[in-house]
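Every number in this text was worked out from the coordinates using simple rules, so none of it is lab data. Quick caveat, the model's predicted, so the values are computed rather than measured. So basically every Cβ, Gly included, is an ideal-geometry build from the backbone, and we count neighbours across all protein chains shown.
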């Protein structure tokens, strides 16, 4: 199963576009679970360049043309197609197994992330058993109320007002996880707001520093030497994937 993640599709770069995710391939703009992302990437990657049925017909037909000896034509063709048919089933089985393996890997990653989040919640409840007013639940609630309060909304707006759910979770439960994991987070990924759109400035990130991106609720780290962006789970510090930045 470990060899699946070493396929070229997990290392390749892509087209460079513009806008909110400048330098990152378009299909990385969408979040979703790890399972969904892995299967979507697998579907987008050209695993085989020849249609399996066409491969079967070509291989079997060539063997049929080269077959000589006794027996009817149909018998000769049936014999010629035996080996290509077996290879076809093997190819289909291998591809199905790869999809199942990817689905299992993604599901395991999602489960681990959810378990870590639940564990952080349980620990937070235990630690705040006698100090309920300082609990992450209350802090998240108060932050969300402040970010969505019409009296606090300005004309220009803020990153907190644009992503109140993510930013209130970042300021409460994620901060709790950061302390438990001894994780140092610089802050939110640098950005420029143009109208109602946020243009994330990855090139302004300090190499090696961890930053929070509210639209995906993930942590990111820039590798200047490899010109890549590494994505981490904020609750487990587990590396999720490495994204190629454009030139």
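Volume per residue of the convex hull around the Cα atoms, evaluated for the range 130-182, comes out as 71 Å³. When 172, 135 are sorted by how many other C-beta atoms sit within 10 angstrom of their C-beta, beginning with the fewest, the order is 135, 172.
Peptides 212-221, 174-183 ranked from most to least packed by the mean count of surrounding Cβ atoms within 10 Å: 212-221, 174-183. Taking the number of Cβ atoms within 10 Å of each Cβ as an exposure proxy, the fewest-first ranking of 233, 199 is 199, 233.
Can you sort 159, 111 by how many other beta carbons sit within 10 Å, fewest first? Final ranking by Cβ density, sparse to dense: 111, 159.
Label positions at residue 242 and residue 104, each projected 7 Å from the Cα along the C-beta direction, are separated by 2.5 nm.
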